[in-house]
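**Q** One structure, as structure tokens, below. Some questions next.
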Amino acid sequence: MRLTTIGTGTAAPHPHRVQSGTLVEAGNLRVLVDCGSGVLWRMAQLGLDWGGITHVVLTHFHADHTADLVAFLTAWRYGQLPPRTEPVTVIGPVGTAAFVDRIAAAFAPGLAGFVPGFQVLDRVPHDPLVLPGDVSLECCPVPHTPESVAWSLTHGGRRITCSGDQGPSDHFADWAAGSDLLLLECSLPAALDVPIHLTPDLCAEVAARANPGTLWLNHFYPPVEPLDIEGIIGARWSGSVTRATDGASISLAPGNGPSLSG
Ligand SMILES: [Zn+2]
Ligand SMILES: [Zn+2]
């Protein structure tokens with residue numbers, strides 16, 4: 001599997017970070033986890049195949065994680081010649097189908113028909129969905145908005161977990177345990193702590209409890225970036241910590257045991 005952080009930012013405009021979006025390539029699938037504003041343009045800038053996404057997976061409905069969904073659908077229909085003919089599936093927590101209907105009502109009644117074979121799947125937590133190519137998807141509820149979930153993608157004996165936005169949750173940390181790669185939000189400094197996001201100290205608690213193979217961080221509001229995030233986490237947990245940037249990638253070779261490269 002290969003993970004590329006397309007957008008590592010938030011609702012706060014930033015010169016180097018667009019809003020949330022992460023590409024996970026697993027087998028023949030190209031899964032985009034969240035699609036906030038700027039993610040489509042960043043993919044084009046990075047030379048990534050925005051036309052080849054097979055699945056869009058949503059963690060929750062906040063605009064900084066969903067605003068580009070209509071941009072993707074419009075680009076697949078009108079932004080390439082010939083228009084896309086391969087199907088695409090949007091997968092999200094309960095309420096996703098209704099959310100997509102509301103977007104279509106706002107932008108274009110035929111929006112769902114822009115891509116032949118377009119479908120939307122609502123998923124309940126802890127009910128694995130096995131996609132073609134033996135890629136398994138599972139979500140876990142997290143404290144943020146009522147619908148918010150984190151997602152795990154498992155393929156070839158490897159597991160990648162994407163936290164989405166969330167406050168602290170032992171349930172999530174226990175569920176994420178054993179992940180080869182944990183992509184965890186790190187929104188705010190402790191001075192601006194709110195119950196629905198993580199600070200570096202809270203990321204350290206998650207890392208110590210989940211003990212992933214490697215920890216990548218994203219979703220940085222500007223006030224958290226000057227902090228010694230690696231030092232704060234390193235005081236609690238001795239594993240590898242990476243601040244994700246837009247366009248950064250990491251590959252996980254199939255199998256069990258340490259495998260990180262790239
Ligand atoms: Zn967010
Ligand atoms: Zn959010």
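None of the figures in this text is laboratory data; all of them are computed from the coordinates on show. For clarity, every value in this text was computed on a predicted model and none was experimentally measured. With ideal geometry, Cβ positions are generated from the backbone for all residues, glycine too; neighbour counts draw on all protein chains shown.
**Q** Select from the stretch 127-160 the residues that are within 23 Å of Phe220 (Cα to Cα) and either in contact with a Phe, Trp or Tyr (Cβ under 7 Å, 6 or more places away or on another chain) or within 16 Å of ligand 1 (Cβ to nearest atom) (or both) and list them in ascending order.
**A** Listed by number, the residues that qualify are Cys139, Cys140, Val142, Pro143, His144, Thr145, Pro146, Glu147, Ser148, Val149, Ala150, Trp151.
**Q** Select from the stretch 149-171 the residues that are closer than 19 Å to Pro93 by Cβ and surrounded by fewer than 24 Cβ atoms within 10 Å (Cβ to Cβ) and list them in ascending order.
**A** Ser152, Thr154, Gly167, Ser169, His171
**Q** Let me ask something additional. Is one or more of the residues making up the stretch 69-92 within 16 Å of ligand 2 (Cβ to nearest atom) and more than 18 Å from Leu153 (Cα to Cα)?
**A** Within the stretch 69-92 (the criterion being within 16 Å of ligand 2 (Cβ to nearest atom) and more than 18 Å from Leu153 (Cα to Cα)), the answer is yes, since at least one residue qualifies.
**Q** Moving on. Using the structure shown, decide if Ile196 is within 16 Å of ligand 1 (Cβ to nearest atom) and surrounded by fewer than 23 Cβ atoms within 10 Å (Cβ to Cβ).
**A** Working: within 16 Å of ligand 1 (Cβ to nearest atom): yes; surrounded by fewer than 23 Cβ atoms within 10 Å (Cβ to Cβ): yes.
So Ile196 fits the description; yes.
**Q** Look at the stretch 56-94 and say how many of its residues are away from ligand 1 (no atom under 16 Å from the Cβ) and either over 20 Å from Asp127 (Cα atoms) or over 18 Å from the mean Cα position of the chain (by Cα) (or both).
**A** Residues in the stretch 56-94 being away from ligand 1 (no atom under 16 Å from the Cβ) and either over 20 Å from Asp127 (Cα atoms) or over 18 Å from the mean Cα position of the chain (by Cα) (or both): 19 in total.
**Q** Under the condition of being in contact with a helix residue (DSSP H, G or I) (Cβ under 8 Å, 6 or more places away or on another chain) and among the hydroxyl-bearing types (Ser, Thr, Tyr), which residue from the stretch 133-168 is farthest from ligand 2 (Cβ to nearest atom)?
**A** So the residue we want is Ser152.
**Q** Name the residue, out of Asp174, Asp201, that is more than 16 Å from ligand 2 (Cβ to nearest atom), surrounded by fewer than 19 Cβ atoms within 10 Å (Cβ to Cβ) and over 23 Å from Ala11 (Cβ atoms).
**A** Answer to the selection: Asp174.
**Q** A further question follows. Spot the failing condition for Leu3; the list is (1) buried (at least 24 other Cβ atoms within 10 Å of the Cβ); (2) within 14 Å of ligand 2 (Cβ to nearest atom), and only one is missed.
**A** The failed condition is (2).
**Q** Can I ask one more? When only residues in the stretch 107-138 that are buried (at least 16 other Cβ atoms within 10 Å of the Cβ) and touching a residue at least 60 places away in the same chain (Cβ under 8 Å) count, which is farthest from the chain's Cα centre (by Cα)?
**A** The extreme case among them is Leu131.
**Q** May I ask you to say which residue of Asp49, Asp68 is under 27 Å from Cys140 (Cβ atoms) and among the acidic types (Asp, Glu)?
**A** Asp68
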